[in-house]
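Data block below; observations after.
Read-outs throughout are calculated quantities, based only on the coordinates presented, and are distinct from any laboratory measurement. None of these values were measured; they are calculated from a predicted model. Glycine also receives a Cβ, built like all others from the backbone with ideal geometry; neighbour counts cover every protein chain displayed.
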Amino acid sequence: MDEAQIEAGVQRAAEALAPDVVRIRFSLGEDWTGDPSVFFRVVLSNEASRFEHLGKIADGIEAKITKEGKPEEMGLNYYFSFRSEAEQADLREAAWA
Amino acid sequence: MAFADDLLEQAKHLAFRERKRPRQASLRRAVSTAYYALFHLLISESTLNWKRPDQRAVLARLFEHGRMKSASDKQRAECSRFIDSIPPPDPGVRLDCMRHLHLIADTFVKTQQRRHIADYDNATQWTRTDAFRLITNVESAFASWQVIRDEPAAQAYLLSLLGNPKGI
């Protein structure tokens, strides 16, 4: 698998998805069944994470990241986690910074 | 209301149980419950095909998380191949069905992974945004299922959830 290719795709997606997307981080590993996987962590603007918008916005974000990062072509399962800027400010997790 | 619908409603209730600062226990149970809503929806729809109602609960116990994930992985890939084929497939019932089926299988795989983390990984911090997103995914899968539940491809997917007959 080409981590640099995913990184480049994620950067392109993050630029295209601003300002709804504040940043995207990812890590590689295995899912619970041992399949190789990429785990995307997406920090959303507070506005984009409002519940009335979230479903549609997150659908678009997932589609864009998948298109740019191409995890499926690399034989990777891919998973997304989302949080708002305010939630990350509260939790201050390094993996999301 | 069916059990699966009740679970989905309960997942939403848990995600919004605390007004201000959601407890990790509420969010983790919300995520797990949303997964189980989809898990039980698919199993109950599968067992409806069994002629004897009194045996359906026993049949339901034959479904396993891992096998259902493998079947959903396979279904998702098959749907992707069809949707992205060149030349593009003609618009119509089959294409719509494959899109809905892709959403359902994809949601099953992704939600199952998140449920595993929610149930067993104490290091992960959940947020309401994340839990709510997962619940909206499951809601979309429920809606898609209602559209395609009588389609042959949807019924074949249900059967595949029991596992590969060759045991591979």
Quiz item: Restricting attention to the range B:138-148, and to residues there that are of a type outside the set (Ser, Thr, Tyr) and more than 13 Å from B:Ala11 (Cβ to Cβ), which single residue is nearest to the other protein chains (Cβ to nearest Cβ)?
Solution: B:Ala143
Quiz prompt | Per-region count, the range A:68-97, residues within 11 Å of chain B (Cβ to nearest Cβ), among the charged types (D, E, K, R) and either under 22 Å from B:Arg115 (Cα atoms) or surrounded by 13 or more Cβ atoms within 10 Å (Cβ to Cβ) (or both) | solution = 6
Quiz item: What about B:Phe63, is it closer than 28 Å to A:Phe51 by Cα and within 19 Å of the chain's Cα centre (by Cα)?
Solution: no
Quiz item: Does A:Val10 satisfy being within 15 Å of the chain's Cα centre (by Cα), in a strand (DSSP E or B) and under 25 Å from B:Thr124 (Cα atoms)?
Solution: no
Quiz item: Which of the residues that make up the range A:27-67 are small (Gly, Ala, Ser), at the interface with another protein chain (Cβ under 10 Å from one of its Cβ atoms) and not in a loop (DSSP other than H, G, I, E, B)?
Solution: A:Ser37, A:Gly55, A:Ala58
Quiz prompt | Residue that is nearest to B:Ala34 (Cα to Cα), among those in the range B:111-129 that are among the hydroxyl-bearing types (Ser, Thr, Tyr) and either assigned to a helix (DSSP H, G or I) or more than 7 Å from chain A (Cβ to nearest Cβ) (or both) | solution = B:Thr111
Self-check item: Selected residue [in a loop (DSSP other than H, G, I, E, B) and either aliphatic (A, V, I, L, M) or within 12 Å of chain A (Cβ to nearest Cβ) (or both)] from B:Ile86, B:Ile135, B:Ile104
Solution: B:Ile86
